[in-house]
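*Asks:* My questions all concern the structure below.
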Amino acid sequence: MTNTLQSTDEQKSIDNKSMQVLLLLIENSGNNVSKEQIINHVWQGSVVNDEILSVSISKIRKALGDNARQPTFIKTIPNVGYCLISDVIPLTENTLSDEQPLNTVNQQTNTLKYVVISGILLLITIISIISFYANNQESKTQNLANISSIAVLPFEDLIKNKDNIYYAEGLSDAIINQLSQVKDLKVISRDSSFNFRANRDPSIIGDSLKVEALLDGNLQQSADQLRVNVRIISTFDGRLLWAKSFDNQDTNVFLLQDQISHEVRKAFQPSSVPQISASTKIDSQAYEWFLMAQYFWRQRTPTSLLKAETYFKHSLELEPNYVDAHIGLAITYGQFHYYANWRAKESVDKGLPHIRQALTLKPNHPMALAAKGMLLTLKASYSENPQPLLDEAQTLFVHSLELEDNATTRHWYSSLLNRMGKEALVIENMEHAIALNPLSASLKNVYSQYLAIRGKVDTAQKLYNRALILEPDRASRIIESTHIFRNTPNSINAIAKWHLNNQGFFEYCSSDEYCEQVVFAYLSIGLDKEANKILARMVSKHDHFKQSLTLINYGRNNELMNAVSLLKQLSKRYPNNYKYKHGVAIAEYRAGLYTQAKESLLDLYPQWQNAHTIDVTTDNYSALTLYGATLLKLNKQESADQLLNNVAQFLHLDKVQDKAQAEMVLAQIYAQLSKPVEAKAHLNIALNLGWLETFDREWWTLKDSHLLKPIMNQIDVKELVATHQENVKQLAKTISLEF
């Protein structure tokens, strides 16, 4: 038996597994077949990952002359599986003749019959692709149903002496919102697609965003008539797939935008687009206020959010039932908590009434459902009975995502899942959000902070560096990076310079988070005077910030048992918080509670119970070093030596992003292994690379390092530490002179 694909002029062979995959798709022609279904059917119990299946699909496509971006045969269904989209004609054995259509799929046996699968004789099948070889000129819309991914670019404003940026971007947003409701169509978020405002090369966009098509257009005006030209282009070959012009002499630009977005959606989904209701007509001035509010809302600064609030209110004064304006204002109030230092309750109390009004007017509006979920998640943070709120929020998010797959919704949903301790789902939704918005520096920044809090610091640093490549001049990067990276002399100087240039920002600490991170930086180098000035201006302080300050004081005063007690309380209150659970183990080790430290580490890493399953990674090497040191204290010499040597060997592979910290951990390992020469050498390298104490990453100084303790009494090590302390004092003095 051979597995061949036969056309009139050539024959191509594929392996047996690939043929089985193709047969399964043929059996289910026109229907989505999940990856799991295919793997279970073809590989039957073998351990196979998605990549193996992708290879088989690639082989089939190559044999058929198919293209993944512009498929004629097999369409990829994002996050699901695959679908055979060509017509399939089942034949009996007697119907085979020399007059078969082109490109018959033919698995040859002595009797020209397929093998029996599950007791049922499969019909010999051919894929009818005559239309593929036809002139293919009958309609520019014929290929849109096969497109599985698209990016919508901002419309170009070609109208002279008139700035229509709000309308041009609003039109793109409306189309993105409509297309996001098309099932199985991946629509890239505006944050990523708008990066190509100045470079509209289809192939570059296709490669960068991994999309099969792009949509763009322009605004033109002749006399009193506005014309909007829209087109959809293949990123594979630059071919025009769809184009249409829309003319409007009416002053109601909102109605025109609604018409355009509906027509575009209809091109992809002809049978299921709701008709435009007359009730959706919005006053042009109200719509313009709305677009301006959106423009400022996206900048997410205290000042821009205030402008957004004002414009949304103006819009609602003219159109009290404008659903999108109610949603926008509610989201703005939610963002005031994160970007303008509002109390959570104030944001929720102002935002929820607008969301309730929006859902009264449009009960199934995807973004209204998501925004309510976001506000309820925020409300749960201060509620005495949060669980009903969290459950309701989850229901809202799930319903919203059923209606529209949106990166912002998945980001908000991840925040809820984080509160619920569902780490796997957090990661799944954040990665899906990034797939929808691959060029969003903001999303990568948020995700990197989440990973860092979960102890995956190295992974977080690499992701954050990719965010910086996308947005190198991000104004908040100096402060945001403190969540991801340790202090260095350069980073402390950058923070001090930013503080100096933004003194007004610190007058009343309009962002608690920013003030907190500057305080930690100054306390890390002993610049208590400047830190206390900021603390005095902070009207409110987050609980986690106050707890970190308490820990720092415990470290300075050597109150080890108090540190243990506080961290245990926090770990119990926040059972899914890696930082607190890991902190308990460190505090216990520092207090000489080695058995408890071991138990705490095994609670965090249960797989370490079996020494043979311990894998050293760029994210866990520091925790493993503490575990090895703990085993030494418990007289598990052989196990400890083997583990610490394995970690050292891994670190010498130079895979860790933070070179200074990797060298510091090597110094700690060799100190524990009673190798003072090596320990001192790596300590010296770490300090030369700019290693600094980093509050609140830790709450002790280098001089009090628990893992370097075995070598701290050596004269040359004391000299190194003394030099380090003097350098830190000099850094603090230099900064203090600038204020």
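FYI, it's all coordinate maths here, none of it is from the lab. Since this is a predicted model, take the numbers as computed values, not measurements. FYI the Cβ positions are ideal-geometry reconstructions off the backbone, even for glycines, and counts take in every protein chain you see.
*Asks:* Can you return the aspartates and glutamates within cross-link range of Lys680? Criterion is Cα-Cα under 15 Å, with same-chain partners fewer than 8 residues away left out.
*Replies:* Answer for Lys680, where 15 Å is the Cα cut-off: Glu663, Asp716, Glu719, listed by chain and number.
*Asks:* Also, quick follow-up: In whole angstrom, how far apart do the alpha carbon centroids of segment 485-537 and segment 713-739 sit?
*Replies:* 20
*Asks:* Let me ask something else. Would you compute the Debye intensity of segment 652-739 from its alpha-carbon atoms alone, equal scatterers and no solvent, and pass along log10 I(q)/I(0) at q = 0.19 Å⁻¹ to two decimals?
*Replies:* For segment 652-739, the Cα-only Debye profile gives -0.87.
*Asks:* Here's a follow-up. Let me check against my output: what whole-number percent is the relative contact order of the chain, with C-alpha pairs under 8 Å and at least 6 apart? List each step's numbers first, then the result.
*Replies:* On the way: 1081 pairs, mean separation 49.7, N = 739.
Relative CO of the chain lands at 7 percent.
*Asks:* OK, next. Distance in nm between label sites at Lys636 and Thr613, each 7 Å beyond Cα in the beta-carbon direction?
*Replies:* 1.4
*Asks:* Another one. Express in nm, to one decimal, how much length is gained between Val80 and Asn364 on full extension, taking 0.36 nm for each residue of separation and deducting their alpha carbon distance. If you can, show how the numbers build up before the last one.
*Replies:* On the way: separation 284, 0.36 × 284 = 102.24 nm, distance 2.43 nm.
Value of the extension gain: 99.8 nm.
*Asks:* State which entries of Lys462/Lys659; Lys313/Lys350; Lys533/Lys733; Lys655/Lys703 exceed 18 angstrom in Cα-Cα distance in the structure shown.
*Replies:* Numbers: Lys462/Lys659 13 Å; Lys313/Lys350 12 Å; Lys533/Lys733 16 Å; Lys655/Lys703 28 Å.
Over 18 Å Cα-Cα: Lys655/Lys703.
*Asks:* On to the next question. Which value in Å is the Kirkwood Rh of segment 392-551 over different Cα pairs? List each step's numbers first, then the result.
*Replies:* Details: mean 1/r = 0.0579 Å⁻¹.
Computed over Cα pairs of segment 392-551, the Kirkwood hydrodynamic radius comes out at 17.3 Å.
*Asks:* So, one more: Taking the Cα-to-Cβ direction at Ser674 and at Glu599 and moving 7 Å from each Cα, how far apart do the two end points lie in nm?
*Replies:* Label at Ser674, label at Glu599, 3.0 nm between them.
*Asks:* I would also like to ask the following. Quote the FRET efficiency, to the nearest 0.05, computed for Gln714 versus Lys572 with a Förster distance R0 of 56 Å and r equal to the Cβ-Cβ distance. Don't skip to the end; give the middle numbers.
*Replies:* Details: r = 40 Å, r/R0 = 0.71.
Efficiency, rounded to the nearest 0.05: 0.90.
*Asks:* What is the mean projected area of the alpha carbon convex hull for segment 152-243, to one decimal in square nanometres? Intermediate results must be reported in sequence, preceding the final value.
*Replies:* Numbers: hull surface 24.9 nm².
If you wrap the Cα atoms of segment 152-243 in a convex hull and average its projections, you get 6.2 nm².
*Asks:* Work out the length of the dipole vector of the chain about its Cα centre, built from +1 on the beta-carbon of each Lys and Arg and -1 on the beta-carbon of each Asp and Glu, and round it to the nearest 20 debye.
*Replies:* On the way: 73 positive and 78 negative charges, 336 e Å.
I would put it at about 1620 debye.
*Asks:* Nearest 0.05, what FRET efficiency do Asn501 and Glu384 give at R0 = 41 Å with Cβ-Cβ as r? Each step should come with its number before you reach the end.
*Replies:* Numbers: r = 42 Å, r/R0 = 1.03.
Calculated transfer efficiency: 0.45.
*Asks:* Given R₀ = 30 Å, FRET efficiency for Asp207-Lys281 by Cβ-Cβ distance, to 0.05?
*Replies:* On the way: r = 41 Å, r/R0 = 1.36.
According to the calculation, E is roughly 0.15.
*Asks:* Another one. Tabulate in residue order the Karplus-calculated ³J(HN,Hα) for segment 570-582, using 6.51 cos²θ - 1.76 cosθ + 1.60 with θ = phi - 60°, rounded to whole Hz; enter x for Gly and Pro.
*Replies:* Ordered by residue, 3J(HN,Hα) equals 5, 5, 6, 6, 10, x, 9, 8, 4, 4, 6, 5, 5 Hz.
*Asks:* Still on this structure, I have one more. Tell me the mean residue ellipticity at 222 nm calculated for the chain from its helices only (DSSP H runs of n ≥ 4, each -39500 (n - 2.57), averaged over every residue, nearest 500).
*Replies:* Details: 31 runs with 405 residues, N = 739.
After summing the helix terms and dividing by the residues of the chain, the value is -17500 deg cm²/dmol.
*Asks:* Work through the residues other than Ala340 whose Cβ is under 13 Å from its Cβ and net out their charges, Lys, Arg +1 and Asp, Glu -1.
*Replies:* Details: positive: Arg300, Lys307, Arg343, Lys350; negative: Glu309, Glu346, Asp512, Glu513.
Net of charged neighbours comes to 0.
*Asks:* Something else now. So for the pair Gln259, His41, with labels modelled 7 Å out along Cα→Cβ, what separation do we get in nm?
*Replies:* Placing both labels 7 Å beyond Cα along the Cβ direction yields 4.6 nm.
*Asks:* Under the definition of Cα pairs under 8 Å and six or more residues apart, what whole-number percent is the relative contact order of segment 294-339?
*Replies:* Details: 36 pairs, mean separation 18.9, N = 46.
Relative contact order comes out at 41 percent.
*Asks:* How many percent of all Cα-Cα pairs in segment 501-738 sit more than 30 Å apart? Kindly include the intermediate steps, with their values, before the conclusion.
*Replies:* Values: 8251 of 28203 pairs.
Of the Cα pairs, 29 percent sit more than 30 Å apart.
*Asks:* How do the peptides 315-326, 527-538 rank, highest first, by the average count of neighbouring beta carbon atoms within 10 Å per residue? Please list the in-between numbers first.
*Replies:* Numbers: 315-326: 21.0, 527-538: 15.5.
Per-residue Cβ counts within 10 Å, averaged per peptide and sorted highest first, yield 315-326, 527-538.
*Asks:* Among the lysines, select those whose C-alpha is under 25 Å from the C-alpha of Lys266, and discard any that sit fewer than 8 residues away in the same chain.
*Replies:* Straight-distance partners of Lys266: Lys75, Lys140, Lys183, Lys186, Lys210, Lys244, Lys281, Lys362.
*Asks:* Can you compute 3J(HN,Hα) from phi for each residue in segment 647-653, using the Karplus curve 6.51 cos²θ - 1.76 cosθ + 1.60 with θ = phi - 60°, rounded to whole Hz and x for Gly and Pro?
*Replies:* 5, 4, 4, 5, 5, 5, 6
*Asks:* Given the chain, what percent of its DSSP beta bridges are antiparallel, to the nearest 5? Kindly include the intermediate steps, with their values, before the conclusion.
*Replies:* Working: 39 of 46 bridges.
Of those bridges, close to 85 percent are antiparallel.
*Asks:* Whose amide H sits under 5 Å from the amide H of Asp87, counting only residues 5 or more places off or on another chain, with H placed in the peptide plane?
*Replies:* Close amide H contacts, sequence-distant or interchain: Ser128.
*Asks:* Then there's this: Using only alpha-carbon positions, what ratio does the radius of gyration of the chain give when scaled by 2.2 N^0.38 Å?
*Replies:* 1.13
*Asks:* While we're on this one: Using 18 Å as the Cα-Cα cut-off, could you pick out the over-long pairs in Lys456/Lys581; Lys541/Lys729; Lys379/Lys568?
*Replies:* Numbers: Lys456/Lys581 14 Å; Lys541/Lys729 28 Å; Lys379/Lys568 26 Å.
Going by Cα-Cα distance, Lys541/Lys729; Lys379/Lys568 fall outside the 18 Å limit.
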